[in-house]
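The values are calculated or read from the model by the stated rules, or taken from the named source; none is laboratory data. In this text, all values refer to a predicted model and were calculated from it rather than measured experimentally. Neighbour counts run over all protein chains shown; Cβ positions are idealised from the backbone, glycine included. Side chains included, ligands, DNA and RNA excluded: accessible areas come from the protein's heavy atoms. Shrake-Rupley method; radii C 1.70, N 1.55, O 1.52, S 1.80 Å.
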Amino acid sequence: MLEVNGVHAHYGHIEALHGVSVRVERGEIVTIIGANGAGKSTLLMTICGRPKPSAGEITLDGQRLNELQPHEIVGRGIAQAPEGRRIFPSMSVLENLQMGAVPTNDAYFEEDVGRVFTLFPRLQERQHQRGGTLSGGEQQMLCIGRALMARPRLLLLDEPSLGLAPILVKQIFGAIVEINRDQGVTILLVEQNAYQALKIARRGYVLATGQVVMEGSGAELLANPEIRAAYLEGGH
């Protein structure tokens with residue numbers, strides 16, 4: 001489905017990605033783990049068109065994305081729930097979801113809102129509340145829900161558990177599995193909580209200083225002693 005082949009990306013004169021190659025097959029959950037500054041978020045942003053690759057190629061179902069603008073990439077079926085949530089704080093929950101639905105046909109709006117509210121009942125309870133007054137967990141639900149309103153075939157999730165209490169982390173990861181299993185959305189997940197991410201992922205990649213240094217199934221990476229020592233706090 002998604003192929004990232006030998007991609008380099010720059011911020012000004014600084015090269016952030018050094019020939020990264022990853023693939024995501026239809027129906028998979030694939031995770032990217034790595035330390036802060038490894039290039040994980042840059043990879044997702046590059047897939048979405050900002051920054052654009054300076055070398056290499058990104059394709060979705062065989063169609064090249066390199067030259068497309070971000071809104072055109074959304075139109076091809078990719079949506080992102082970015083790191084830090086970035087909801088519209090002065091808008092209500094429902095208005096935030098309306099913003100996510102801009103690329104789609106209005107005829108689907110009620111259906112899609114209903115799907116988001118089924119996934120996250122708390123958002124239905126808060127639908128007229130301003131986004132900025134929601135708790136951190138509720139804002140993350142809204143961020144994911146807003147991305148789903150674009151009806152993506154591929155959903156990019158950037159640190160969805162960041163800053164959340166353990167009970168909310170469990171809820172968010174449960175929702176990710178449900179989105180993949182029940183809604184048929186393919187997922188590329190960037191996550192610092194390597195244990196939770198690898199538990200639900202079919203495959204994973206490890207990034208370090210802008211390069212892929214290891215890949216394998218979720219189970220293989222969970223069992224790898226180097227991964228356990230570096231990212232799983234001794235396996236706990």
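Tell me which of these Arg203 doesn't satisfy, since it passes every other one: (1) open to solvent by 10 Å² or more (accessible area, probe 1.4 Å); (2) touching a strand residue (DSSP E or B) at 6+ places or on another chain (Cβ under 6 Å); (3) over 14 Å from Val24 (Cβ atoms).
Against the list (1) open to solvent by 10 Å² or more (accessible area, probe 1.4 Å); (2) touching a strand residue (DSSP E or B) at 6+ places or on another chain (Cβ under 6 Å); (3) over 14 Å from Val24 (Cβ atoms), Arg203 comes up short only on (3).
Which residues, taken from the range 170-224, are part of a loop (DSSP other than H, G, I, E, B) and touching a residue at least 12 places away in the same chain (Cβ under 8 Å)? Give the derivation first.
If we filter the range 170-224 for residues that are part of a loop (DSSP other than H, G, I, E, B), which is where we start, we get 184-185, 191-193, 201-202, 209-210, 224.
Correct list: Gly184, Val185, Glu191, Gln192, Asn193, Ala201, Arg202, Thr209, Gly210.
Mind listing whichever residues of the range 6-37 are of a type in the set (A, V, I, L, M), out of contact with any helix residue (DSSP H, G or I) (no Cβ under 9 Å at 6 or more places or on another chain) and loosely packed, with under 15 Cβ neighbours inside 10 Å?
Ile14 - this is the single residue of the range 6-37 that is of a type in the set (A, V, I, L, M), out of contact with any helix residue (DSSP H, G or I) (no Cβ under 9 Å at 6 or more places or on another chain) and loosely packed, with under 15 Cβ neighbours inside 10 Å.
Conditions first: (1) farther than 23 Å from Phe173 by Cβ; (2) part of a loop (DSSP other than H, G, I, E, B); (3) open to solvent by 20 Å² or more (accessible area, probe 1.4 Å). Glu110 passes all but one, so which condition is the exception?
Result: Glu110 passes all but (2).
One residue is enough: does the range 133-143 have a residue meeting the conditions part of a helix (DSSP H, G or I), open to solvent by less than 40 Å² (accessible area, probe 1.4 Å) and farther than 30 Å from Val102 by Cα?
Looking through the range 133-143, none of the residues is part of a helix (DSSP H, G or I), open to solvent by less than 40 Å² (accessible area, probe 1.4 Å) and farther than 30 Å from Val102 by Cα.
Going through the range 174-192 one residue at a time, which ones are within 18 Å of Gln140 (Cβ to Cβ) and either touching a Lys or Arg at 6+ places or on another chain (Cβ under 8 Å) or crowded, with 21+ Cβ neighbours inside 10 Å (or both)?
Within the range 174-192, Ile176, Ile179, Gln183, Val185, Ile187, Leu188, Leu189, Val190, Glu191 meet the criteria.
If you take the residues in the range 147-169 that are farther than 17 Å from Met45 by Cβ and not in a loop (DSSP other than H, G, I, E, B), which one is modelled with the highest pLDDT?
Leu148
Considering only residues that are open to solvent by 60 Å² or more (accessible area, probe 1.4 Å) and in contact with a strand residue (DSSP E or B) (Cβ under 9 Å, 6 or more places away or on another chain), which ones fall in the range 38-55?
The answer is Lys52, Ser54.
Is it true that Thr104 is farther than 23 Å from Ala194 by Cα, in contact (Cβ under 8 Å) with a residue 24 or more places away in the chain, hydroxyl-bearing (Ser, Thr, Tyr) and open to solvent by 10 Å² or more (accessible area, probe 1.4 Å)?
For Thr104, the condition - farther than 23 Å from Ala194 by Cα, in contact (Cβ under 8 Å) with a residue 24 or more places away in the chain, hydroxyl-bearing (Ser, Thr, Tyr) and open to solvent by 10 Å² or more (accessible area, probe 1.4 Å) - is met.
Quickly run through the range 61-93 and pick out the residues that are in a strand (DSSP E or B) and polar (S, T, N, Q).
Gln63, Gln80, Ser92
Taking the range 198-227, which residues are within 23 Å of Leu155 (Cβ to Cβ) and among the aliphatic types (A, V, I, L, M)?
Within the range 198-227, Leu198, Ile200, Ala201, Val206, Leu207, Val212, Ala219, Leu221, Leu222 meet the criteria.
What number of residues within the range 119-132 satisfy the criterion of being closer than 25 Å to Pro166 by Cβ and surrounded by fewer than 13 Cβ atoms within 10 Å (Cβ to Cβ)?
Our first condition is that a residue be closer than 25 Å to Pro166 by Cβ; within the range 119-132, this holds for 119-126, 129, 131-132.
Narrowing further to those that are surrounded by fewer than 13 Cβ atoms within 10 Å (Cβ to Cβ): 121, 125, 132.
Of the residues in the range 119-132, 3 are closer than 25 Å to Pro166 by Cβ and surrounded by fewer than 13 Cβ atoms within 10 Å (Cβ to Cβ).
What is the residue count in the range 56-96 for residues that are surrounded by 20 or more Cβ atoms within 10 Å (Cβ to Cβ), in contact with a Cys (Cβ under 8 Å, 6 or more places away or on another chain) and over 13 Å from Pro152 (Cβ atoms)?
Summing the residues that are surrounded by 20 or more Cβ atoms within 10 Å (Cβ to Cβ), in contact with a Cys (Cβ under 8 Å, 6 or more places away or on another chain) and over 13 Å from Pro152 (Cβ atoms) in the range 56-96 gives 2.
In the range 150-169, what count of residues is obtained for those that are hydrophobic (A, V, I, L, M, F, W, C), under 18 Å from Tyr195 (Cβ atoms) and either surrounded by fewer than 23 Cβ atoms within 10 Å (Cβ to Cβ) or more than 14 Å from the chain's Cα centre (by Cα) (or both)?
6
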